[in-house]
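Enquirer: My questions will all concern the structure given below.
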Amino acid sequence: MPVHAQTVLHVALAVPLPSLFDYLPPAGSQAGAADIGRRVRVPFGQREAVGIVAGCGPAGVDPAGLRQALAWIDPAPLLEGELLDSVRWLARYTHAPPGEVLATALPASLRRGEPVPDTSEPAWRLTEAGATALPAMRAGRPRDLAGILHGGVRHEAMLDDLMPGWRPAARALAGRGLAEQVALPPSQLAPAPGTGPQPNPEQAEAIEAIRAADGFAPMLLDGVTGSGKTEVYLHAIAQCLARGRQALVLVPEIGLTPQLLGRFRARLGVPVHVSHSGLADADRARTWAAALRGEARVVVGTRSAVFTPLPEAGLIVIDEEHDGSYKQQDGFRYHARDFALVRARALDVPIVLGSATPSLESLHNARSGRYTHLRLARRAGTARPPRVRVLDVRKRPLEAGLSREMLEAVEYALAAGGQVLVFRNRRGYAPVLLCHDCGWSAACPRCSSPEQPRPMTVHAQGRRLQCHHCGHRRGAPTACPDCASLGLQPQGIGTERLEELLAARFADYPVLRIDRGSTRRRDALAKLFAELGERAGVLVGTQMLAKGHDLAGLTLVAVVGIDEGLFSADFRAAEKLAQLLIQVAGRAGRAERAGEVLLQTHHPDHPLLETLINGGYHAFADIELAQREAAGFPPFAHLAMLRAEAKHAEPPMAFLHAARRALGDWRRALEPANPAASDVEANGPMPAPMARRAGHYRTQLLLSAPRRAPLHAALNALVPALYALPEARKVRWSLDVDPIDLY
Ligand code: ADP
Ligand code: ZN
Ligand code: ZN
């Protein structure tokens, strides 16, 4: 390839293509290494696009044929240093298009080319004339305000506290030239740091271990539910702040509750900045910019907050590190926990992964000494671990989906003034609508195939049908489409129906339902909890209830209908179910009142249940890790899943067959020089466990290797080949490195 002397920009654009795009620098500027990380406006096809300079260098083609970038957006790089390096590493690791990765690292408004937001806040100060006039001023509100400002410039938020209704007085002063509004960096004012409970010895040991960490130090804070992990984070963050460093805290999407934020705000003595998907773009960009400028000292956020710039990083915390929401499951598939570890290493700071049910990957890393293993084996304060009992419901009549024993336990708990959580991991009214006369059932037309019908879930007391896989909705038929019978019946019980049945059975108590249907908004959950207050009552809900909520009055957790989960084929299904059960059970008895957990099942002898109940999560993890090792699954092997889908069944298969051949070509080219190549195994192509979804046929090819290096060597060769395959044009395909499930 001829090399030309002129330096051009290699620009990353948010398009699903693996390449960078070369442009001449904007008129009047030279391209140089100092431009890497700068946003630039470029012509792309018929439109204009915002790109990020990923590199500079000689053009690969005659630069005369290149288009010129239109304009710089920022005077200096927006992404630089550690964050830029880490994000580029992530692009290589995930084999994702660099433009999509760089774009993901930026808040949406910056991705669109908007300026970095102003993070300053309005404040007021006395002018020189004001200071001179003050002694002679008449008594009144303007004079009161002038007196306050005489003490120094004040943020408006602070004036709200010092002198409610200060604005007319400020206008009066400003009108006479005695005071003026100015813009200041954001106030670092926050409620004075509150004190929490005295750490118990286990907590103190963990806090000390984090304090003593020097540079990069991955730590697993493995503490049972209610053991006071959050207290440990708060102390560690306070230590980090005292050293003058920034702290980043990641929490699961569902864990970022007003309750949690309130606790952070009350304790840290600095403003707590938030970043989550429910925020307006402008607010997310403001948090990002405040962190970039070092103004934000504590950032609490969900998955994408892992891209927060941390020029003065001191600590990263990942709460509920096992949580599936840390993995982005579409588009650019990254794992925020894993990427946070990479950033912590690059930033040379400690990182604390906390969970009562650590992922088997993290547990394995802790046990093998790669992570420091901090244990909190006991509940904090006076709370005791809940008692767990299995109710065998084989051959027992069920009423409202609950056995007689379960209903009696609920009744007893309510009568004693307690709160009851009924956990059922099925949203909607009923999982199936069935014709009692001919056996027809409502299936999703977009997700079913002849071999695999997918029932639609009944909602709205039987009036509506909804597919939980693709979102497809329709009204429920009044008569059977096959036999015209009117005997259509909802089969089975979802949370909606459970709520209805329990409300009828326990009419004297409030019965509230908590699932995705009832709590679309972030504060809806808090409102529901507030509605219940301290009263005796029943909460019916899905796994939304399993996370993080501290319900002091909860004395009974009733788990119904987890049996489906016991027999899933996915390699991670057992781990997920075990985590869910422990987390749900952990909601019980978190305060003075003792808690009890009842688990209703048709499979009381299932080894997973037996191990969990008699040995706890770690006993389960021992067995599961041994099985993963024997079967060659993570953390003992590394996986990459290549998926393809299309409206017809053949093209995805053809694409994956071609991919498999390309892999074979790569391997043959290596051997015998590189025996590592034979480490990479390809399994498939085969239909995905969910073979059709939203009208698309789905297939997969699973690559695995006992070590990471050969897998990535294979992907380095394979991915560029995939883009070039003619079969690729007829499918949507994606690569998922370290998939968390195989669906
Ligand atoms: P986790 O995050 O492990 O679920 P939390 O930090 O939320 O646990 O603590 C659970 C409850 O125990 C909270 O109400 C908390 O205030 C209380 N708690 C935590 N540490 C202590 C302690 N050392 N002494 C008394 N109460 C504590
Ligand atoms: Zn019928
Ligand atoms: Zn569907």
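Enquirer: How many of the residues in region 544-567 are of a type outside the set (V, I, T), part of a loop (DSSP other than H, G, I, E, B) and modelled with pLDDT under 80?
Expert: 7
Enquirer: Only one residue in H648, H712, H638 is farther than 29 Å from P450 by Cβ and either of a type in the set (A, V, I, L, M) or touching a Phe, Trp or Tyr at 6+ places or on another chain (Cβ under 9 Å) (or both), so which one is that?
Expert: Checking each option against the conditions leaves just H712.
Enquirer: Of the conditions (1) within 32 Å of the chain's Cα centre (by Cα); (2) not in a loop (DSSP other than H, G, I, E, B), P77 clears all except one; give me its number.
Expert: (2)
Enquirer: Going by the structure shown, is A484 within 16 Å of ligand 3 (Cβ to nearest atom), outside the structural domain of V410 (by TED's automatic domain parsing) and over 27 Å from V410 (Cα atoms)?
Expert: It is false that A484 is within 16 Å of ligand 3 (Cβ to nearest atom), outside the structural domain of V410 (by TED's automatic domain parsing) and over 27 Å from V410 (Cα atoms).
Enquirer: Do we have any residue at all in region 502-521 that's within 16 Å of ligand 2 (Cβ to nearest atom), exposed (fewer than 15 other Cβ atoms within 10 Å of the Cβ) and small (G, A, S)?
Expert: no
Enquirer: For E48, only one of the following conditions fails: (1) in contact (Cβ under 8 Å) with a residue 40 or more places away in the chain; (2) part of a strand (DSSP E or B). What is its number?
Expert: It is condition (1) that E48 fails.
Enquirer: Within region 459-470, can one find any residue that is away from ligand 3 (no atom under 16 Å from the Cβ), in contact with a strand residue (DSSP E or B) (Cβ under 6 Å, 6 or more places away or on another chain) and part of a loop (DSSP other than H, G, I, E, B)?
Expert: no
Enquirer: On to the next question. Take the residues in region 244-289 that are over 22 Å from V349 (Cα atoms) and among the polar types (S, T, N, Q); name whichever of them is surrounded by the most Cβ atoms within 10 Å (Cβ to Cβ).
Expert: Here the residue is T257.
Enquirer: Can you name the strands (runs of 3 or more DSSP E) wholly within region 157-256 that have at least 2 residues being within 16 Å of ligand 1 (Cβ to nearest atom) and either more than 30 Å from P117 (Cβ to Cβ) or not assigned by TED's automatic domain parsing to the domain that holds D319 (or both)?
Expert: 217-223
Here is a yes/no grid of residues against (1) surrounded by 24 or more Cβ atoms within 10 Å (Cβ to Cβ); (2) within 16 Å of ligand 1 (Cβ to nearest atom):
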site: R293; (1), (2): no, no
site: I318; (1), (2): yes, yes
site: E321; (1), (2): yes, yes
site: L341; (1), (2): no, no
site: L353; (1), (2): yes, yes
site: R378; (1), (2): no, yes
site: A383; (1), (2): no, yes
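Enquirer: Please specify each residue of region 451-476 satisfying the condition of being surrounded by fewer than 16 Cβ atoms within 10 Å (Cβ to Cβ), in contact (Cβ under 8 Å) with a residue 40 or more places away in the chain and within 16 Å of ligand 2 (Cβ to nearest atom).
Expert: none
Enquirer: Given (1) more than 21 Å from Q543 (Cα to Cα); (2) among the aliphatic types (A, V, I, L, M); (3) in a helix (DSSP H, G or I), identify the lone condition not met by M406.
Expert: (1)
Enquirer: Also, quick follow-up: Within region 645-743, which strands (runs of 3 or more DSSP E) (wholly inside it) include 1 or more residues that are away from ligand 2 (no atom under 16 Å from the Cβ) and over 30 Å from the mean Cα position of the chain (by Cα)?
Expert: Where strands (runs of 3 or more DSSP E) fall fully within region 645-743 and carry at least 1 residues being away from ligand 2 (no atom under 16 Å from the Cβ) and over 30 Å from the mean Cα position of the chain (by Cα), they are 681-693.
Enquirer: What number of residues within region 355-376 satisfy the criterion of being part of a loop (DSSP other than H, G, I, E, B) and within 12 Å of ligand 1 (Cβ to nearest atom)?
Expert: Of the residues in region 355-376, 2 are part of a loop (DSSP other than H, G, I, E, B) and within 12 Å of ligand 1 (Cβ to nearest atom).
Enquirer: Give me a count of the residues in region 404-433 that are surrounded by fewer than 21 Cβ atoms within 10 Å (Cβ to Cβ) and either more than 16 Å from ligand 3 (Cβ to nearest atom) or aromatic (F, W, Y) (or both).
Expert: 11
Enquirer: Quick check: is even one residue across region 124-145 out of contact with any Lys or Arg (no Cβ under 8 Å at 6 or more places or on another chain), of a type in the set (D, E), assigned to a helix (DSSP H, G or I) and under 30 Å from A344 (Cβ atoms)?
Expert: Among the residues of region 124-145, not one is out of contact with any Lys or Arg (no Cβ under 8 Å at 6 or more places or on another chain), of a type in the set (D, E), assigned to a helix (DSSP H, G or I) and under 30 Å from A344 (Cβ atoms), which makes the answer no.
Enquirer: When you go through R337, R389, R345 one by one, which is the residue that is surrounded by fewer than 20 Cβ atoms within 10 Å (Cβ to Cβ) and assigned to a helix (DSSP H, G or I)?
Expert: R345
Enquirer: A further question follows. Has region 409-428 got any residue that is assigned by TED's automatic domain parsing to the domain that holds L599, free of Cβ contacts under 8 Å to residues at least 12 places away in the same chain, away from ligand 2 (no atom under 16 Å from the Cβ) and of a type in the set (D, E)?
Expert: Taking every residue of region 409-428 in turn, none turns out to be assigned by TED's automatic domain parsing to the domain that holds L599, free of Cβ contacts under 8 Å to residues at least 12 places away in the same chain, away from ligand 2 (no atom under 16 Å from the Cβ) and of a type in the set (D, E).
Enquirer: Separate question: Please work out which residue is nearest to ligand 1 (Cβ to nearest atom), limiting yourself to region 410-459 and to residues that are aromatic (F, W, Y) and more than 33 Å from the chain's Cα centre (by Cα).
Expert: Across region 410-459, the extreme among qualifying residues is Y412.
Enquirer: Any residue at all in region 300-315 that is in contact with a Ser or Thr (Cβ under 8 Å, 6 or more places away or on another chain) and assigned to a strand (DSSP E or B)?
Expert: Yes - at least one qualifying residue is present in region 300-315.
Enquirer: Listed residues V251, V224; which is touching a Phe, Trp or Tyr at 6+ places or on another chain (Cβ under 9 Å) and among the hydrophobic types (A, V, I, L, M, F, W, C)?
Expert: V224
The values are calculated or read from the model by the stated rules, or taken from the named source; none is laboratory data. If you're wondering where the values come from, they're calculated on a predicted model, not measured in any experiment. Don't worry about glycine lacking a Cβ; one is built from the backbone with ideal geometry, like all the others, and counts go over all protein chains shown.
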